[in-house]
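Structure record follows, encoded as structure tokens.
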Amino acid sequence: MARRRESEWVQVRRLTRAEERVLATKLKALTLPARLHQRYRIIAAARGGASVPTVARRVGCHHSVAYLWVDRFNVTGFRTFERVPNPRGREPEVTPEHLRELVDIALSSPLERGLPFATWTVASLAAYCRERGVLPRITDEWVRRLLRREGLTPQRIRTWKVSHDPQFDRKKKPSARSIAGARRGRSSSASTSGGRSR
């Protein structure tokens with residue numbers, strides 16, 4: 001409460017003649033965006049020594065907004081009133097490089113990376129990536145959303161069947177073809193049996 005009472009009685013310092021001219025010009029400017037115009041109106045309303053809540057009511061803004069611009073003016077004048085806070089925008093925490101490496105790891109086998117389990121969970125994947133500096137310190141939920149954005153969910157991230165048979169990789173390819181052939185056989189027999197039923 002003490003901080004709020006203190007902010008209520010912050011006063012605008014005395015304006016210089018140049019600042020008075022700038023203020024008068026800006027208040028009449030019809031092309032100025034509304035949010036910028038409001039900042040100048042705050043200073044105009046505060047010139048008579050009104051409290052911040054009174055200024056906020058007159059201008060039609062929250063008292064924290066009025067306090068911010070009164071305080072800003074007292075320190076820097078009007079120089080920062082129309083400056084973009086960060087012209088380049090906020091630097092992204094997760095870069096495209098981070099994302100590519102995350103997806104590569106998600107689609108790899110944990111066993112190949114020396115881990116004692118065969119499938120990733122979001123938590124284990126996130127922990128692995130954070131520990132190795134692949135990702136910044138982001139939450140598991142953020143990792144889940146990044147994966148979902150890339151079309152990956154815990155169900156769609158492939159699982160790895162482990163076989164001790166050294167010829168497992170060679171054998172599994174023909175089995176895929178035989179499964180496809182079996183499916184075609186079933187569909188053709190179904191149409192044949194359908195023909196007999198007529």
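Here, each number is a calculation from the coordinates, and none is a lab measurement. A quick note: this is a predicted structure, and the numbers were derived from the prediction, not measured. As a convention, Cβ positions derive from the backbone with ideal geometry for all residues, glycine included, and neighbour counts pool all protein chains shown.
Odds and ends about this structure:
- Look at where the Cα atoms of segment 4-72 and of segment 100-135 average out, and the two centres are 53 Å apart.
- Placing +1 on the Cβ of every Lys and Arg and -1 on the Cβ of every Asp and Glu, with nothing else charged, gives segment 2-76 a dipole about its Cα centre of roughly 120 debye.
- Whole-Å semi-axes of the ellipsoid equivalent to segment 2-76 (Cα gyration tensor, √5λ, descending): 20, 14, 9
- Proximity of backbone amide H atoms, modeled 1.01 Å from N, is registered between Leu135 and Arg130 at under 5 Å, excluding neighbours fewer than 5 places apart on the same chain.
- Cubic angstrom per residue, convex hull over Cα atoms of segment 92-133: 70 Å³
- Take the Cα of Gln11, step 7 Å toward its Cβ, do the same at Thr95, and the gap between the two points is 5.2 nm.
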